[in-house]
Amino acid sequence: MNNLLECRNLSKYFGPVRALDNISLSIGRGRIVGLLGPNASGKSTFMKICNDLLTPTKGEIRIAGFSPGVESKKIVSYLPERNYLNDWMKVSDIIAFFHDFYTDFNKDKAYDMLKKLNIHAGDRLKTMSKGTKEKVQLILVMSRDAQLYLLDEPIGGVDPAARDYILDTIIGNYNENATVIISTHLISDIEKVLDDIIFLKEGQILLHKTVDEIREETGKSVDSLFREVFKC
Amino acid sequence: MAWELKTDRPIYAQLIEQLELRICSGIYPPGARMPSVRDLAQEASVNPNTMQRALASLEEDGLLYSHRTSGRFVTKDVEMIRKTRNKLAQEQVHEFLKKMGELGFEYSEILSIITDLAEELIK
């Protein structure tokens, strides 16, 4: 099994609700993948299963051959949809904490990104705006030399200039062994950066293609196609 | 020169055109070493695999060549670059003529408009 991420007949039910409904998926290394879908389509559930925060109802999932757990977490860097850091901590404290916790954490990279985004390492999180906190979280996640990055809405809360910097970081960080999966609603901002697109709808995969396949076959951008497919 | 990418066409095809343009206009002169895939991808804000694919295609066409260890270079074949430049010019003129046709202009009218404007520009 050469694929970095592989899942077969993966389902997650919450009572009668099918958050994920029989998903089979293979994602190789060296890809930047957009996981796109309207609200409640299963994007965050999928990412949580990858991180062992939820257990699947049916089916299985492997990351570099591992089931989600201690071994997989060593190679997966996850940006959750919500803030989980302690408010009273300084950025420098959190960096030290991450450095202790993850052997692949690159401190220099973190401080470098902080500087570029004008964030002071001595500041406490509670003094920061929502957008700045999000930037700090993303810096922590991108400072690991992981094999799989799972970014749940990484650019939703930040300004357009920081958005460009973040996308630039994702491109600059690219390596052939690592894959990045990004869930977002800001498709037009991000589609140039993506290899593959996965459309999720009501827990099922509606489409799995490359950006250029979509543009070639439909003559539309991914953003336009999304608006058409998910028209309310 | 800024990278201009339209949203409704494959990115890969547009990168090929933009790279050709940069080679023809001398931004990447004959025999020069090309920037790395990563740098080019970052500059154009595109996926590195897509940039790699565009570069590989130009290599296949002979406009670029790669050295196993030292990277990718622009061809030294000036004649080939000239041909590419002509091809790009023809595409531009085709597009222009099509639009002028849609506006209902005759060939002779188009020529006189161009001549007049060019004379104004030279002044």
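The values are calculated or read from the model by the stated rules, or taken from the named source; none is laboratory data. These numbers were taken from a predicted model, which means no experiment stands behind them. In this analysis, Cβ positions are derived from the backbone assuming ideal geometry, glycine residues included, and neighbour counts consider all displayed protein chains. Heavy atoms of the whole protein, side chains included, go into the accessibility calculation; ligands, DNA and RNA do not. Shrake-Rupley method; radii C 1.70, N 1.55, O 1.52, S 1.80 Å.
Look at where the Cα atoms of segment A:65-110 and of segment A:134-205 average out, and the two centres are 16 Å apart. Interface residues of segment B:24-51, defined as a loss of at least 30 Å² in heavy-atom accessible area between the chain alone and the complex of all protein chains with a 1.4 Å probe, are B:Arg38, B:Gln42, B:Ser45, B:Asn47, B:Pro48, B:Asn49.
Per-residue SASA remark: B:Arg72, around 40 Å² accessible (1.4 Å probe; ligands, DNA and RNA not included). In chain B, the longest principal axis of the Cα atoms and the axis of helix B:78-102 are about 40 degrees apart. Restriction of the GluC sites (Glu not before Pro) in segment A:137-232 to DSSP coil positions whose beta-carbon has at most 12 other beta-carbons within 10 angstrom yields A:Glu176. Which percent of the accessible heavy-atom area of chain A goes to carbon and sulfur, probe 1.4 angstrom? Carbon plus sulfur share of accessible area: 48 percent. Solvent-accessible surface of segment A:59-197, taken per residue with a 1.4 Å probe and all protein chains present: 45 Å². Element breakdown for segment B:11-77 at a 1.4 angstrom probe: carbon and sulfur atoms account for 47% of the accessible area. Of the cross-linked pairs A:Lys48/A:Lys73; A:Lys109/A:Lys133; A:Lys109/A:Lys192, those separated by over 19 Å at the C-alpha level are A:Lys109/A:Lys192. The listed residues A:His120, B:His94, once ranked by accessible area (1.4 Å probe) with the largest placed first, stand as B:His94, A:His120. In order along segment A:124-130, phi translates into HN-Hα couplings of 8, 4, 5, 8, 9, 6, 4 Hz, rounded to whole numbers, per the Karplus curve 6.51 cos²θ - 1.76 cosθ + 1.60 with θ = phi - 60° and x for Gly and Pro. A 1.4 Å probe run over the protein chains yields, for chain B, 65 Å² of accessible area per residue, whole-number rounding. The residues of segment A:179-198 listed by number as losing at least 30 Å² of accessible area in the complex, against the isolated chain and with a 1.4 Å probe, are A:Lys192, A:Asp195.
Per residue of chain A, the DSSP helices (runs of n ≥ 4 H) give a summed -39500 (n - 2.57) that works out to -9500 deg cm²/dmol at 222 nm.
The B and A chains share an interface that buries close to 1500 Å² of accessible area, total over both sides, probe 1.4 Å. Averaged over the residues of B:7-16, the number of partner chain Cβ atoms lying within 10 Å of the residue Cβ comes to 5.
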